[in-house]
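The values are calculated or read from the model by the stated rules, or taken from the named source; none is laboratory data. Everything numeric in this text was worked out from a predicted model, so none of it was measured. Because the Cβ atoms are built from the backbone with ideal geometry, glycine has one as well, and the counts that use them run over all protein chains shown.
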Amino acid sequence: MESNLSEESLWASRLASRLRLIIASCAEDTSSTRKTFLLEEIDRELKQVPPTRRKAYLDSLAERFPSWDGMRSTAASHVTTGGAAPLTPEDLVAQLVRVAPTLSPEARADFAKQLQVVGLSIKESANSFFELPPDLQKKLGLPPGKPLQLERALKMLIVSAEFALALDQVAWAIWKQIGSKSAIRKETEISKLAGPYLAGDAEVSTTQISQSVEKTRRLIAALLGAVARAGVAYGKAYSSHLGPDVIEDWAKMEKKWNESIESAAWKKFKQLSAEHASEPAIEHQIQEAVAKETEILFSRGPR
(Lines give C-alpha, C1' and ligand atoms only; values in the text may rest on other atoms or scores of the structure.)
Protein backbone atom coordinates (compact mmCIF):
# COMPACT_ATOMS: atom_id res chain seq x y z
CA MET A 1 0.00 0.00 0.00
CA GLU A 2 1.23 3.50 -0.80
CA SER A 3 0.32 4.67 2.70
CA ASN A 4 3.05 2.39 4.11
CA LEU A 5 5.79 3.74 1.87
CA SER A 6 8.25 6.42 2.92
CA GLU A 7 8.12 9.87 1.33
CA GLU A 8 11.19 9.00 -0.74
CA SER A 9 9.57 5.78 -2.00
CA LEU A 10 6.29 7.53 -2.84
CA TRP A 11 8.14 10.23 -4.73
CA ALA A 12 10.32 7.70 -6.57
CA SER A 13 7.36 5.45 -7.40
CA ARG A 14 5.28 8.25 -8.91
CA LEU A 15 8.24 9.69 -10.81
CA ALA A 16 9.19 6.25 -12.10
CA SER A 17 5.74 5.86 -13.62
CA ARG A 18 6.16 9.11 -15.55
CA LEU A 19 9.69 8.17 -16.61
CA ARG A 20 8.44 4.86 -18.00
CA LEU A 21 5.87 6.73 -20.05
CA ILE A 22 8.59 9.01 -21.43
CA ILE A 23 10.76 5.99 -22.30
CA ALA A 24 7.84 4.36 -24.10
CA SER A 25 6.89 7.52 -26.00
CA CYS A 26 10.51 8.12 -27.09
CA ALA A 27 11.21 4.55 -28.19
CA GLU A 28 12.22 5.66 -31.69
CA ASP A 29 14.36 8.60 -30.54
CA THR A 30 18.10 8.44 -29.96
CA SER A 31 19.50 7.40 -26.61
CA SER A 32 20.77 10.95 -26.11
CA THR A 33 17.31 12.42 -26.71
CA ARG A 34 15.68 9.98 -24.29
CA LYS A 35 18.21 10.78 -21.60
CA THR A 36 17.62 14.50 -22.08
CA PHE A 37 13.86 14.11 -21.57
CA LEU A 38 14.38 11.86 -18.54
CA LEU A 39 16.87 14.20 -16.89
CA GLU A 40 14.62 17.21 -17.49
CA GLU A 41 11.73 15.40 -15.77
CA ILE A 42 13.90 14.38 -12.82
CA ASP A 43 15.33 17.88 -12.48
CA ARG A 44 11.82 19.37 -12.50
CA GLU A 45 10.71 17.04 -9.70
CA LEU A 46 13.87 17.55 -7.64
CA LYS A 47 13.21 21.27 -7.40
CA GLN A 48 10.38 20.45 -4.98
CA VAL A 49 12.71 18.40 -2.73
CA PRO A 50 14.83 20.07 -0.01
CA PRO A 51 18.52 20.00 -1.06
CA THR A 52 19.55 18.04 2.06
CA ARG A 53 17.19 15.18 1.18
CA ARG A 54 17.74 14.94 -2.55
CA LYS A 55 20.34 12.16 -2.30
CA ALA A 56 17.91 9.91 -0.42
CA TYR A 57 15.20 10.56 -2.98
CA LEU A 58 17.55 9.84 -5.88
CA ASP A 59 18.79 6.65 -4.22
CA SER A 60 15.20 5.48 -3.96
CA LEU A 61 14.64 6.30 -7.62
CA ALA A 62 17.87 4.53 -8.59
CA GLU A 63 16.57 1.28 -7.07
CA ARG A 64 13.85 1.32 -9.72
CA PHE A 65 16.27 2.20 -12.54
CA PRO A 66 19.55 0.27 -12.23
CA SER A 67 20.55 1.41 -15.76
CA TRP A 68 19.91 4.52 -17.85
CA ASP A 69 20.93 3.07 -21.21
CA GLY A 70 17.56 3.57 -22.92
CA MET A 71 14.64 1.22 -23.01
CA ARG A 72 16.41 -1.22 -25.32
CA SER A 73 18.82 -2.31 -22.57
CA THR A 74 18.01 -5.33 -20.43
CA ALA A 75 17.71 -3.24 -17.27
CA ALA A 76 15.40 -0.69 -18.90
CA SER A 77 13.25 -3.45 -20.31
CA HIS A 78 12.91 -4.81 -16.82
CA VAL A 79 11.90 -1.35 -15.60
CA THR A 80 9.17 -0.93 -18.21
CA THR A 81 7.72 -4.39 -17.69
CA GLY A 82 8.83 -5.27 -14.19
CA GLY A 83 7.26 -5.28 -10.81
CA ALA A 84 6.31 -1.61 -10.45
CA ALA A 85 2.58 -0.86 -10.56
CA PRO A 86 1.27 -0.10 -14.07
CA LEU A 87 0.14 3.39 -14.94
CA THR A 88 -3.45 4.13 -14.02
CA PRO A 89 -5.82 5.91 -16.43
CA GLU A 90 -5.51 8.96 -14.18
CA ASP A 91 -1.70 8.87 -14.61
CA LEU A 92 -2.04 8.64 -18.38
CA VAL A 93 -4.50 11.55 -18.54
CA ALA A 94 -2.28 13.66 -16.27
CA GLN A 95 0.70 12.96 -18.53
CA LEU A 96 -1.28 13.87 -21.66
CA VAL A 97 -2.47 17.11 -20.07
CA ARG A 98 1.14 17.97 -19.19
CA VAL A 99 2.43 17.29 -22.70
CA ALA A 100 -0.52 18.78 -24.64
CA PRO A 101 0.68 22.44 -24.59
CA THR A 102 3.89 21.40 -26.37
CA LEU A 103 2.13 19.63 -29.23
CA SER A 104 1.57 21.14 -32.66
CA PRO A 105 -2.01 21.78 -33.85
CA GLU A 106 -1.62 18.87 -36.29
CA ALA A 107 -0.54 16.50 -33.51
CA ARG A 108 -3.43 17.59 -31.30
CA ALA A 109 -5.91 16.99 -34.11
CA ASP A 110 -4.42 13.55 -34.77
CA PHE A 111 -4.59 12.55 -31.08
CA ALA A 112 -8.15 13.84 -30.85
CA LYS A 113 -9.14 11.60 -33.76
CA GLN A 114 -7.51 8.60 -32.08
CA LEU A 115 -9.41 9.28 -28.86
CA GLN A 116 -12.66 9.59 -30.79
CA VAL A 117 -12.06 6.19 -32.41
CA VAL A 118 -12.06 4.49 -28.99
CA GLY A 119 -15.11 6.40 -27.82
CA LEU A 120 -13.38 9.26 -25.98
CA SER A 121 -15.04 11.99 -28.01
CA ILE A 122 -13.74 15.55 -27.67
CA LYS A 123 -16.47 18.03 -28.40
CA GLU A 124 -15.72 21.74 -28.46
CA SER A 125 -18.41 23.99 -27.07
CA ALA A 126 -19.34 27.44 -28.28
CA ASN A 127 -17.38 28.86 -25.37
CA SER A 128 -14.11 27.14 -26.25
CA PHE A 129 -11.07 29.38 -26.01
CA PHE A 130 -7.80 29.87 -27.84
CA GLU A 131 -5.06 32.48 -27.49
CA LEU A 132 -3.74 35.08 -29.92
CA PRO A 133 -0.13 36.29 -30.18
CA PRO A 134 0.63 39.11 -27.66
CA ASP A 135 1.22 41.72 -30.40
CA LEU A 136 -2.15 41.02 -32.01
CA GLN A 137 -3.88 41.05 -28.62
CA LYS A 138 -2.45 44.53 -28.09
CA LYS A 139 -3.67 45.74 -31.49
CA LEU A 140 -7.15 44.43 -30.73
CA GLY A 141 -7.21 46.00 -27.27
CA LEU A 142 -7.51 42.57 -25.65
CA PRO A 143 -6.28 42.51 -22.01
CA PRO A 144 -3.11 40.39 -21.54
CA GLY A 145 -3.91 36.76 -20.79
CA LYS A 146 -7.56 37.15 -21.76
CA PRO A 147 -8.51 34.22 -24.02
CA LEU A 148 -10.66 34.59 -27.09
CA GLN A 149 -14.11 33.05 -27.38
CA LEU A 150 -14.15 30.70 -30.34
CA GLU A 151 -17.72 31.51 -31.40
CA ARG A 152 -17.09 35.26 -31.51
CA ALA A 153 -13.69 34.78 -33.11
CA LEU A 154 -15.31 32.85 -35.96
CA LYS A 155 -17.93 35.56 -36.41
CA MET A 156 -15.20 38.19 -36.55
CA LEU A 157 -13.31 36.03 -39.05
CA ILE A 158 -16.36 36.11 -41.33
CA VAL A 159 -16.73 39.90 -41.04
CA SER A 160 -12.97 40.48 -41.50
CA ALA A 161 -12.78 38.07 -44.44
CA GLU A 162 -15.62 39.83 -46.27
CA PHE A 163 -13.99 43.21 -45.59
CA ALA A 164 -10.54 42.04 -46.72
CA LEU A 165 -11.80 40.33 -49.88
CA ALA A 166 -13.84 43.39 -50.86
CA LEU A 167 -10.85 45.71 -50.35
CA ASP A 168 -8.65 43.34 -52.31
CA GLN A 169 -10.99 43.42 -55.29
CA VAL A 170 -11.51 47.20 -55.22
CA ALA A 171 -7.85 48.11 -54.74
CA TRP A 172 -6.61 46.00 -57.64
CA ALA A 173 -9.49 47.10 -59.90
CA ILE A 174 -8.52 50.74 -59.32
CA TRP A 175 -4.87 49.97 -59.88
CA LYS A 176 -5.64 48.12 -63.12
CA GLN A 177 -7.29 51.29 -64.37
CA ILE A 178 -4.71 53.90 -63.36
CA GLY A 179 -1.56 51.76 -63.33
CA SER A 180 -2.02 49.76 -66.51
CA LYS A 181 1.58 50.41 -67.57
CA SER A 182 3.05 49.57 -64.16
CA ALA A 183 5.09 46.44 -63.36
CA ILE A 184 3.11 46.04 -60.12
CA ARG A 185 0.72 43.16 -60.76
CA LYS A 186 -1.61 40.98 -58.73
CA GLU A 187 -0.10 37.50 -58.73
CA THR A 188 -2.66 35.45 -56.78
CA GLU A 189 -6.29 35.92 -55.82
CA ILE A 190 -6.68 35.82 -52.04
CA SER A 191 -10.16 34.40 -52.51
CA LYS A 192 -8.71 31.45 -54.43
CA LEU A 193 -6.22 30.68 -51.65
CA ALA A 194 -8.44 31.27 -48.61
CA GLY A 195 -10.93 28.45 -49.16
CA PRO A 196 -8.37 25.66 -49.69
CA TYR A 197 -6.23 27.00 -46.83
CA LEU A 198 -9.12 26.98 -44.33
CA ALA A 199 -10.07 23.50 -45.51
CA GLY A 200 -6.58 22.23 -44.70
CA ASP A 201 -5.15 21.94 -48.22
CA ALA A 202 -1.45 21.15 -47.74
CA GLU A 203 -0.56 22.84 -51.04
CA VAL A 204 -1.64 26.25 -49.71
CA SER A 205 0.69 27.47 -46.98
CA THR A 206 0.38 30.24 -44.42
CA THR A 207 3.29 31.96 -46.17
CA GLN A 208 1.35 32.11 -49.45
CA ILE A 209 -1.65 33.66 -47.71
CA SER A 210 0.56 36.15 -45.85
CA GLN A 211 2.44 37.21 -48.98
CA SER A 212 -0.76 37.75 -50.98
CA VAL A 213 -2.40 39.74 -48.17
CA GLU A 214 0.77 41.78 -47.61
CA LYS A 215 0.98 42.77 -51.27
CA THR A 216 -2.61 44.01 -51.22
CA ARG A 217 -1.99 45.85 -47.95
CA ARG A 218 1.03 47.61 -49.45
CA LEU A 219 -0.95 48.60 -52.55
CA ILE A 220 -3.81 50.05 -50.49
CA ALA A 221 -1.36 51.96 -48.28
CA ALA A 222 0.47 53.28 -51.34
CA LEU A 223 -2.77 54.34 -53.06
CA LEU A 224 -3.96 56.22 -49.97
CA GLY A 225 -0.60 57.91 -49.53
CA ALA A 226 -0.46 58.80 -53.22
CA VAL A 227 -3.75 60.72 -53.07
CA ALA A 228 -2.18 63.48 -50.97
CA ARG A 229 1.15 63.46 -52.80
CA ALA A 230 -0.47 63.46 -56.25
CA GLY A 231 -2.15 66.82 -55.54
CA VAL A 232 1.24 68.45 -55.13
CA ALA A 233 2.58 66.74 -58.24
CA TYR A 234 -0.43 67.83 -60.33
CA GLY A 235 -0.18 71.38 -58.99
CA LYS A 236 3.43 71.61 -60.15
CA ALA A 237 2.54 70.23 -63.58
CA TYR A 238 -0.37 72.70 -63.93
CA SER A 239 1.80 75.64 -62.94
CA SER A 240 4.50 74.62 -65.40
CA HIS A 241 1.97 74.83 -68.25
CA LEU A 242 -0.58 77.44 -67.19
CA GLY A 243 1.08 79.50 -64.45
CA PRO A 244 0.86 83.35 -64.87
CA ASP A 245 4.61 83.74 -65.35
CA VAL A 246 4.71 80.96 -67.95
CA ILE A 247 1.79 82.48 -69.90
CA GLU A 248 3.34 85.93 -69.77
CA ASP A 249 6.67 84.64 -71.10
CA TRP A 250 4.86 82.93 -73.99
CA ALA A 251 2.89 86.14 -74.67
CA LYS A 252 6.05 88.24 -74.87
CA MET A 253 7.54 85.87 -77.42
CA GLU A 254 4.44 85.44 -79.57
CA LYS A 255 2.59 88.78 -79.46
CA LYS A 256 2.29 90.89 -82.57
CA TRP A 257 3.87 94.35 -82.71
CA ASN A 258 0.54 96.11 -82.29
CA GLU A 259 -0.89 93.63 -79.73
CA SER A 260 -0.93 94.16 -75.99
CA ILE A 261 0.66 91.69 -73.55
CA GLU A 262 -2.74 91.08 -71.93
CA SER A 263 -4.38 90.18 -75.22
CA ALA A 264 -1.53 87.90 -76.24
CA ALA A 265 -1.47 86.26 -72.81
CA TRP A 266 -5.20 85.53 -72.91
CA LYS A 267 -4.89 84.06 -76.38
CA LYS A 268 -2.01 81.80 -75.24
CA PHE A 269 -3.87 80.77 -72.09
CA LYS A 270 -6.89 79.65 -74.13
CA GLN A 271 -4.62 77.71 -76.46
CA LEU A 272 -2.77 75.88 -73.68
CA SER A 273 -5.96 75.34 -71.66
CA ALA A 274 -7.44 73.32 -74.51
CA GLU A 275 -4.41 71.06 -74.26
CA HIS A 276 -3.79 70.91 -70.50
CA ALA A 277 -6.98 72.04 -68.74
CA SER A 278 -9.72 70.11 -70.51
CA GLU A 279 -11.67 67.55 -68.46
CA PRO A 280 -10.02 64.50 -70.13
CA ALA A 281 -6.58 66.10 -69.81
CA ILE A 282 -7.00 66.91 -66.12
CA GLU A 283 -8.32 63.40 -65.38
CA HIS A 284 -5.39 61.82 -67.22
CA GLN A 285 -2.81 63.99 -65.47
CA ILE A 286 -4.26 63.31 -62.01
CA GLN A 287 -4.37 59.56 -62.61
CA GLU A 288 -0.86 59.65 -63.95
CA ALA A 289 0.33 61.53 -60.84
CA VAL A 290 -1.44 59.07 -58.51
CA ALA A 291 0.06 56.08 -60.36
CA LYS A 292 3.55 57.54 -60.22
CA GLU A 293 3.35 58.32 -56.50
CA THR A 294 1.81 54.90 -55.79
CA GLU A 295 4.74 53.14 -57.45
CA ILE A 296 7.21 55.22 -55.44
CA LEU A 297 5.49 54.43 -52.12
CA PHE A 298 4.95 50.75 -53.00
CA SER A 299 8.62 50.28 -53.91
CA ARG A 300 9.67 51.46 -50.44
CA GLY A 301 8.31 48.24 -48.98
CA PRO A 302 6.23 47.59 -45.81
CA ARG A 303 5.39 50.63 -43.71
What pairs can you find where one residue is in the range 292-303 and modelled with pLDDT of 85 or more and β-branched (V, I, T), the other is buried (at least 16 other Cβ atoms within 10 Å of the Cβ) and assigned to a loop (DSSP other than H, G, I, E, B), and their Cβ atoms are less than 9 Å apart, with a gap of 6+ or different chains?
T294/G179; T294/I184
Evaluation of A194 against (1) of a type in the set (A, V, I, L, M, F, W, C); (2) touching a residue at least 60 places away in the same chain (Cβ under 8 Å); (3) buried (at least 17 other Cβ atoms within 10 Å of the Cβ) (one fails), failing number
(2)
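Quick grid of which residues meet (1) at pLDDT below 75; (2) surrounded by fewer than 15 Cβ atoms within 10 Å (Cβ to Cβ); (3) in contact with a strand residue (DSSP E or B) (Cβ under 6 Å, 6 or more places away or on another chain); (4) closer than 30 Å to A202 by Cα:
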site	(1), (2), (3), (4)
N4	yes, yes, no, no
S25	yes, yes, no, yes
D43	no, yes, no, no
R72	yes, yes, no, no
L103	yes, yes, no, yes
Q116	yes, yes, no, yes
Where L58 falls short, out of the listed (1) outside any helix (DSSP H, G or I); (2) modelled with pLDDT of 70 or more; (3) among the hydrophobic types (A, V, I, L, M, F, W, C):
(1)
Within the range 243-286, can you find the residues that are among the aliphatic types (A, V, I, L, M), within 60 Å of the chain's Cα centre (by Cα) and more than 30 Å from G179 (Cβ to Cβ)?
I247
Out of the residues in the range 165-180 that are within 27 Å of the chain's Cα centre (by Cα) and either surrounded by 15 or more Cβ atoms within 10 Å (Cβ to Cβ) or not small (G, A, S) (or both), state the one that is nearest to E283 (Cα to Cα).
W175
I need every pair where a residue in the range 238-267 that is assigned by TED's automatic domain parsing to the domain that holds H284 and at pLDDT below 80 has its Cβ under 7 Å from the Cβ of a residue that is among the hydroxyl-bearing types (S, T, Y) and surrounded by 13 or more Cβ atoms within 10 Å (Cβ to Cβ), sequence separation at least 6 or different chains.
L242/S273
What's the number of the condition S67 fails, among (1) assigned to a helix (DSSP H, G or I); (2) at pLDDT below 70; (3) among the polar types (S, T, N, Q)?
(1)
Sole exception among (1) over 22 Å from the mean Cα position of the chain (by Cα); (2) part of a loop (DSSP other than H, G, I, E, B); (3) at pLDDT 85 or above for E203, by number
(1)
Which one of R185, R218 is within 17 Å of the chain's Cα centre (by Cα) and basic (K, R)?
R218
